[in-house]
């Protein structure tokens, strides 16, 4: 996804140490390692199965590649435990990988009828989407769907979910949830996105605490970068992109205080140079080959102090 553009932004030089903070199946790491024969990559991921497959794919690079099982929000602590205190660049390709979407038992997609799990790390003891919907009140469910899915009819959906729960039929599968949403919003139409799309996105974000993790990741990455180091991030929805954009602006010294405030209180200091005045987006060829690329946005910055 935006592969060449993101690697160009990384500005690979010499024996640089790069962190692929969302390793996935290793596509970005492989391209980075092939681009420069001296570069080394550390890949982070919270999904053990993805790490296993990526490690097999990248075994050809020997000691130039190393993987660490961790949430990218813990990037600073995870690398510190391996003795690394600074790196030359960090890249993150956010969201769910195609493998996760296409594996029915992971519960990310309404294309399959499977257990409603949605955890990035299915081996963890973290709460599943089913457990989340059993625990939250109707108002809390509506707020999750509205806040993280930007679904205007969230209350209708929450009412259906809680109604099923009260009737002894708690939502436990992706198919069951998709059918409830269609009853609340109307059936799917070929000319529009599926009515369950925003709700599934919202639950996935809530289960994995994706936005909280993203904020921690951005802070940790800037701390890790050497002077002139690069941070490159690919987002897939407006909530993620807004967080990255605002973080970059603040780090570039842009004050976010109200205009009438006589003194800056937000603490903005110029620590980075923004390399993408507007986010880069995928071209026609890439979006034809991979429809998910339509929503991808790429931003990058360079640390200056």
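No value in this document is a laboratory result; all are computed from the given coordinates. As the structure is a computational prediction, the values presented were derived from the model and not from experiment. Cβ: placed from backbone, ideal geometry, glycine included. Neighbour counts: every protein chain shown.
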* Structure fact -> Taking r as the C-beta separation of residue 38 and residue 242 and R0 as 30 Å, the FRET efficiency to the nearest 0.05 is 0.25
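Provide the FRET efficiency to the nearest 0.05 for the residue 261-residue 211 pair, computing r from the beta carbons and using R0 = 30 Å. Each step should come with its number before you reach the end.
On the way: r = 27 Å, r/R0 = 0.88.
It comes to 0.70.
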* **Cα gyration tensor, the stretch 100-206 - rounded (a/c under 1.5), prolate or oblate** => rounded
* Cα long-axis angle, helix 174-185 against the chain (0 to 90 degrees, to the nearest 10) -> 70 degrees
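Once the piece of chain linking residue 140 and residue 56 is laid out straight, how much longer is it, given 0.36 nm per residue of separation minus the C-alpha distance between them? Walk me through the numbers before you get to the answer.
On the way: separation 84, 0.36 × 84 = 30.24 nm, distance 4.19 nm.
Stretched out fully, the residue 140 to residue 56 stretch lengthens by 26.1 nm.
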* **Relative contact order computed over the chain (Cα-Cα under 8 Å; 6+ residues apart), in percent** => 18 percent
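Which of 236, 110 has the fewest other C-beta atoms within 10 Å, and how do the rest follow up to the most? The partial results should precede the final answer.
Working: 236 19, 110 23.
Starting with the residue having the fewest Cβ neighbours, the order is 236, 110.
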* Most fluctuating residue given options 46, 260, 106, as computed from a GNM of the chain linking Cα atoms under 10 Å -> 260
* To do: Taking the Cβ of each residue in 148, 101, 108 as the centre, tally the other Cβ atoms inside 10 Å and list the residues starting with the fewest.
  => 101, 148, 108
* **Among (1) 43; (2) 48; (3) 36, the entry that matches percent of Cα pairs over 28 Å apart as calculated here** => (1)
* Asked: To the nearest 10 degrees, how steep is helix 238-251 against the longest Cα principal axis of the chain, on a 0 to 90 scale?
  -> 30 degrees
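Test of understanding: ordering 118, 265, 99 by Cβ neighbours within 10 Å, fewest first, what list do you get? Provide the component values of the computation, followed by the final result.
Numbers: 118 26, 265 11, 99 15.
Ranking 118, 265, 99 by Cβ neighbours within 10 Å, fewest first, gives 265, 99, 118.
Pop the C-beta distance of residue 274 and residue 165 into the FRET formula with R0 = 45 Å and round what comes out to the nearest 0.05. It would help to have the intermediate numbers written out before the result.
Details: r = 46 Å, r/R0 = 1.03.
With a Förster radius of 45 Å, E is 0.45.
Could you rank the peptides 274-282, 64-72, 225-233, 187-195 by their average count of other C-beta atoms within 10 Å per residue, with the highest value first?
On the way: 274-282: 15.2, 64-72: 18.8, 225-233: 21.7, 187-195: 11.0.
The packing order, highest mean first, is 225-233, 64-72, 274-282, 187-195.
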* Asked: In degrees, nearest 10, range 0 to 90: what is the angle between the Cα axis of helix 210-224 and the longest Cα principal axis of the chain?
  -> 10 degrees
